[in-house]
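One structure below.
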Amino acid sequence: MSKGYLISLEGGEGAGKTTILEKLEKYFQSKNIEYITTREPGGVHISEQIREIILDKDNVEMDPKTEALLFAAARRQHLVQKVVPALEAGKIVFMDRYVDSSLIYQGYVRGMGVDEVFELNQYAIEDLLPDVTLYFDLSPEVGLGRINKDDSREVNRLDLEEGSFHHKVREGYLMLKDKFERFEVIDAEKDLEAVFTQVIEVLVKRGVING
Ligand SMILES: Nc1ncnc2c1ncn2[C@@H]1O[C@H](COP(=O)(O)OP(=O)(O)OP(=O)(O)O)[C@@H](O)[C@H]1O
Ligand SMILES: [Mg+2]
């Protein structure tokens, strides 16, 4: 039984997950609360090697299920090597995207099936679902508008998808919110301070931190 808390940050492109994570780091440092922030593959060597296979442009013949299995394999190694030890040490672990991203992007949007992708991931994660999932909800137009304005940010494959893709991402997350009690919806269209305030309120409400 782990003693820490696992908190995942989910949502579409430009929702503010990474930006809020930076603010959370400052907040937790100032309060002297033990935490780590991470993202898959999270600097774990084996997971990074797997990721290179997934992202290799030459691997055009990769089957969607092979890809899903590779994601799950990278996820497991990251959990075992980095996340579980931190939880066992009583730390709060913030993850910039986790299993729900697979459920949405591969299961829902790409059509492999949410339940199927969940089942496949269960083997990898066993019962290690987040205690709380912060879902940053905003319209794709606002999210993509933010990304386009940000010159420092590299445009990735997902940013270039059509509008309908991003709408489907939002639709999928809103469906998961009704499926999982751990989901907390954050109104991510508000300004950064207002978004951060909502996040802190949720963490207090869920007993992760004291008010
Ligand atoms: N509440 C906000 N209001 C206005 N701009 C914001 C807000 N939150 C984030 N931004 C800006 O939007 C851009 C995208 O934010 P960020 O990179 O944190 O999104 P993300 O959710 O991590 O996206 P991705 O899934 O693509 O990694 C950044 O330029 C950031 O400064
Ligand atoms: Mg990000």
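For this structure, a couple of remarks:
- The chain - convex hull of alpha carbons, volume per residue in Å³: 128 Å³
- Net charge over other residues, Cβ less than 15 angstrom from the Cβ of PRO41 (K, R count +1; D, E count -1): 0
- Relative contact order (%) - the stretch 36-162, alpha-carbon pairs under 8 angstrom, separation at least six: 24 percent
- Close amide H partners of TYR5, meaning residues 5 or more places away or on another chain with modelled amide H under 5 Å apart, are ILE92, VAL93.
- Overall form of the stretch 1-121 per C-alpha gyration tensor (a/c, 1.5; a/b vs b/c): prolate
- Overall, the accessible surface of the stretch 1-99 at a probe of 1.4 angstrom is composed of carbon and sulfur to the extent of 50 percent.
- In the structure shown, the pairs LYS31/LYS91; LYS17/LYS177; LYS65/LYS149 are assessed against 25 Å; a Cα-Cα span above that value is assigned to LYS65/LYS149.
- Shape class of the stretch 1-59 from the Cα gyration tensor (axes a ≥ b ≥ c, square roots of the eigenvalues): prolate, since a/c reaches 1.5 or more and a/b is larger than b/c.
- Charge-dipole axis of the stretch 111-211 as Lys and Arg at +1 and Asp and Glu at -1 on Cβ define it, positive-most pick from PRO140, GLY113, GLY211: GLY211
- The overall shape of the stretch 128-202, judged from the alpha-carbon gyration tensor, is oblate: a/c is not under 1.5, and a/b is no greater than b/c.
- Using equal-weight Cα scatterers in the Debye expression, the normalised intensity of the stretch 44-98 in log10 at q = 0.18, 0.19 Å⁻¹ is -0.65, -0.70.
- For GLU119, net neighbour charge (Lys/Arg +1, Asp/Glu -1) across residues whose Cβ lies under 15 Å away: -1
The values are calculated or read from the model by the stated rules, or taken from the named source; none is laboratory data. Not measured: the values here are computed from a predicted model. Here Cβ is always computed from backbone atoms with ideal geometry, including for glycine, and neighbour counts include all displayed protein chains. With ligands, DNA and RNA removed, areas are computed over all heavy atoms of the protein, side chains included. Shrake-Rupley method; radii C 1.70, N 1.55, O 1.52, S 1.80 Å.
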